[in-house]
Structure formats: structure tokens, C-alpha cells
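Reading through the C-alpha cells given below for one structure.
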Amino acid sequence: MSHSLASINTPLASAMNQALETRRKHQIPVLDLAKPVPAGPDVYTNDFLSLTNDPDLRRLFLDKLNKSPRVFGVAGSRLLGGNSSDHLDFETRMARFFESPAALLFNSGYDANVAFWHSVPQQGDVIVLDELVHASSRDGMAISRASKSLYLFTHNSPTSFEECVLRAMKEHPSIGQGKNTLFVAVEATYSMDGDFAPLPDIVRVVEKYVPKQSAHILVDEAHSTGVFGPQGRGLVHHLGLQDRIHTVLHTFGKGRALTGAVFVTSPIIRQYVINYGRPFIYTTALPISLICGLNASFDYLEGPVGDYRRSELRRLCEYFRAALEEALKPFPSNLLSLRDRALPAGYPSDVISPITPIMTSYPMQLSDFLNSLGYAVQGIPYPVVPRGEERIRISVHALHTEAELDALVVRLTQWGTMMQTMASQVQARQLQSRL
Ligand SMILES: Cc1ncc(COP(=O)(O)O)c(C=O)c1O
């Protein structure tokens, strides 16, 4: 395979090259994964609780592996020889921990969302979704029986949500008659903005208008599981809404430092997805080693370490936010600014997001500057986000030091000052050439 794609003269290669060229033309980065992420301060991954390099968690994990009779894969899907007692015991643990009647384990959050959304909504059902829900949910919805009945509401707007629910019910009277289901799809914390779904308002609106038997709210806790709630049960628990939300997705790739995901839901949904959810059925089950890791991660975070990390994370997020607010004041908002961080109605003030978008019209220049200093942050340009919303995304971790966060703030202000100096030099040159 020594040919580069560009040198292969086939219709397929030329179609693919053309597509990549279109990306370049729209200034969407064309990625190649040629180099590993450089070692440097990690202010960009979703390792919110600083677990990925934790020596104590590593010991706990290795200890579990040593004691486990089996560690490799199960060489089959759950439905074809792969249903080990380790998988079942872990699901029982998850159901108990998240205070839910049932839990179903998936190889990834992507698989879980596609499995749920492609299989669970039935003919005549509708889905009301935040316009920014993750691609995995959208992919599942696109091939679901409700794919033609999607109602997108403006991101995090309770007013728009209420309008959508009322419109969906008007256009689908069978929901009000209790013959069909209105699903709601939201994320507790959104990846790009780090902002929070207005969960109390969403629950209130659904309970006000939708008959109890016809409502199904699903909250994706990919960015909030482990980080919020007692023992890290997530934002739904933090807000005390666990008895009023029907299904919650917890993924293990971010705050739990592994991979995989679990839906906590009703026994009938669990059984239905086992039989109809294609990404559940047609894939090899997670290896036992991963279940050992997940058990280690949950053991670790259920104890005092979890409470300490969560409170440190909160403290450092406040610290970083305050430092940024002060340091970015002198800069025009299109160069460097923060987003408003008002919490949705009904949220306690101790909820603070570990994700901070730093808004700039020059995201690629800023990320290049930070990359040259060893920070592997990525610029998020238009059209990945709408024009005027370009940014870089920083995530604070529980074991960052204040000095590390201070150093990043200094780098940001250095870049801002440099950009301003360059802009005024260009202006001076233009003025001179006109004289
Ligand atoms: C909101 C949300 N849901 C689901 C997923 C998919 O989870 P996983 O990475 O476990 O496939 C992601 C991953 O980025 C996500 O951000």
C-alpha cells in the first residue's frame, strides 16, 4: 500500500479527493492522524476527574485483573455466547447505583444512542430534540420509525421547547389521546459550550402537557456522569430528577477514563433493545478486562477520592473562570472572550461546567499558537460552529494545579496582545502607504 490516495487514478479516489478538497475550500481542517497528541499540559481531553494517569486507580484495576479468572474478550456478542456473569453483574451494579429498575451495557455511547433511537420509537411517535444533540443520537433518529417526526427546539431554550411540544401534540393528536409517545432528547451538559439543559423546565413542560403514559424523556449524561451528583451519579441525580426522567445514558469514555456506556431505563426497554437494537445485537461484547476497569473506576469514584476530585474540580473551574474573566477584559470580544454562564432555572449554584469555550474569530491561529507551546488544543472554526461562534475548547481537570491554569491564561493573553500588535502594525503600514 505504497500509493498515496492522490496518485491512484480511480473514480472512487477522485470522488474522495474532491470531497476532501471541498473541506479545505471551506476551511474545515482535513485530518490525517499522522502524529500522536504531543505530550503537554492536558487542558483539552474529557478526563475531568484526572483518572487516566492515576496510579491508585491503575493499581486497583491491575489488582482486579489479577484476581479475575478471565480477562480477555468473550469472543461473541452478548446474544451469541458472550453473555458472561461479569457483564450481567456489572449491569446489576449499574441499575442499583443509578437507582433504576434496569441497565443495559453497550460498547460505546455511540452504539447506545444509535440502538435506542433507531429501535425504540414506534410508528406514530415523535421526538422533540435540542438542535445540538450529539451525532450519535441524530444518526439513530435518522433511521428510526420517527425520522419524519423530529421537532428541533432552539438550543437550551425552554420557550422553544414548550412551543415544539405543543406543535408536536397538535400535529400528532394520538399523543394526547395516550396512543403514541412523545420522546425528548437532551444532553445534561453540551460538549461544545459546556452549558446545561434546562432539565427542571423540560420536566415541568412534559408533565404539564403530555399524558404520563405518553412521555419519555432521555438525558444523555456523557459529559456529566461522574462529575455531578452524589458519588458521581450525574446531573439528573444532582437535580433530584431521577424519578421523573425515563432513560439516562451514562458513557464511560470521559469522566470514567475507559470506554463503553450504559442505559439506565425500564426493564421493557432493556428487553426490547436486546432484541431490536442492532448496535447491541451485532457486535462482540466488551472484554472482561474492560469490565474489571469499569468496576475499578466505579469503586474508586464512589469513595472519598470521588468526592475530593469533584470538589477540587468545582473549585478549579471557579478559579479558572475568575482568572479568565479578569485577564480577557482588555480584549475585544471577537479576539478573546467568554460566553455568559448563567445556569438554567432551578439549578443549584454549585453546578459549574468543566468545559470552557474561549470565543475567538481566529480559532486556528490561536490553536496553532498554543500547539507550538505543547497544548494540543483544537481550533473549532466555521462551519463546524456558526460564524461568530468560533472557539477553542478548554476542559479543566480535578488535579490541575492553579499554576497550570495561570500559565494557560498568560499564554492566552500573550497571544491576544500579539494579535493586537500585529493588527496595529498592519494598520500603520496601510496608513503610511496612503500618505
Ligand atoms: C453527548 C454525547 N453522547 C454520546 C457520545 C458517544 O459516546 P462514546 O464516546 O462513548 O461513543 C458522545 C461522545 O463524544 C457525546 O459527546
Inset, instruction - Measure off, as a whole percent, the carbon and sulfur share of the 1.4 Å-probe accessible area of the chain, all protein chains present. - result: 55 percent
Legend entry - Nearest-ten-degree value, helix 363-372 long axis tilted from longest Cα axis of the chain: 80 degrees
Inset, instruction - Run the quick spin-label model on R434 and V30: label points 7 Å from Cα toward the beta carbon, then report their separation in nm to one decimal. - result: 3.9 nm
Legend entry - Shape of the stretch 371-435, Cα gyration tensor, a/c cut at 1.5: oblate
Inset, instruction - Kindly state, to the nearest 0.05, the FRET efficiency for L20 paired with D350, given R0 = 56 Å and r defined as their beta-carbon distance. - result: 0.75
Inset, instruction - Quick one: angle between helix 11-25 and the longest Cα principal axis of the chain, in degrees between 0 and 90, rounded to 10, please. - result: 60 degrees
Inset, instruction - Go through E326, E390 and list them by solvent-accessible area, largest first, probe radius 1.4 Å. - result: E326, E390
Inset, instruction - Give the long-range amide H neighbours of N180: residues separated by 5 or more places, or on another chain, with amide H under 5 Å away, using H modelled in the peptide plane at 1.01 Å from N. - result: I175
Inset, instruction - Give the shape of the stretch 32-124 as rounded, prolate or oblate, defined through the alpha-carbon gyration tensor: a ≥ b ≥ c are the square roots of its eigenvalues, a/c under 1.5 means rounded, and otherwise the shape is prolate if a/b is larger than b/c and oblate if not. - result: oblate
Inset, instruction - With a 1.4 Å probe and every protein chain left in place, work out the accessible area per residue of the chain in Å², rounded to a whole number. - result: 48 Å²
Legend entry - For the stretch 271-288, Karplus couplings with θ = phi - 60° (6.51, -1.76, 1.60), whole Hz, Gly/Pro x: 5, 5, 5, 4, 9, 10, x, 4, x, 7, 6, 9, 8, 5, 5, 4, x, 4
Legend entry - Set of lysines near K170 by C-alpha distance (under 28 Å), chain-local residues within fewer than 8 positions excluded: K148, K179, K208, K212
Legend entry - Integer Hz, Karplus 6.51/-1.76/1.60 couplings in order for the stretch 146-156, x for Gly and Pro: 9, 4, 8, 10, 9, 10, 8, 9, 4, 3, 6
Legend entry - Long-range HN-HN contacts of F153 with modeled amide H, under 5 Å: L129, D130, E131
Legend entry - Phi-based couplings in Hz for the stretch 351-360 (Karplus 6.51, -1.76, 1.60; Gly and Pro marked x): 8, 9, 7, x, 9, 10, x, 10, 7, 7
Inset, instruction - Quick one: net charge around F369, please, counting Lys, Arg +1 and Asp, Glu -1 for every other residue with C-beta under 15 Å from its C-beta. - result: 0
Inset, instruction - From largest accessible area down, sort M422, M192; use a 1.4 Å probe on the protein chains. - result: M422, M192
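The values are calculated or read from the model by the stated rules, or taken from the named source; none is laboratory data. From a predicted model like this one, the values you see are computed outputs, not experimental measurements. When we count neighbours, we look across all protein chains shown, and the Cβ atoms used for this are built from the backbone with ideal geometry, even at glycine. The protein model used for the area step is the full one, side chains on, heavy atoms only, and it has no ligands, DNA or RNA in it. Shrake-Rupley method; radii C 1.70, N 1.55, O 1.52, S 1.80 Å.
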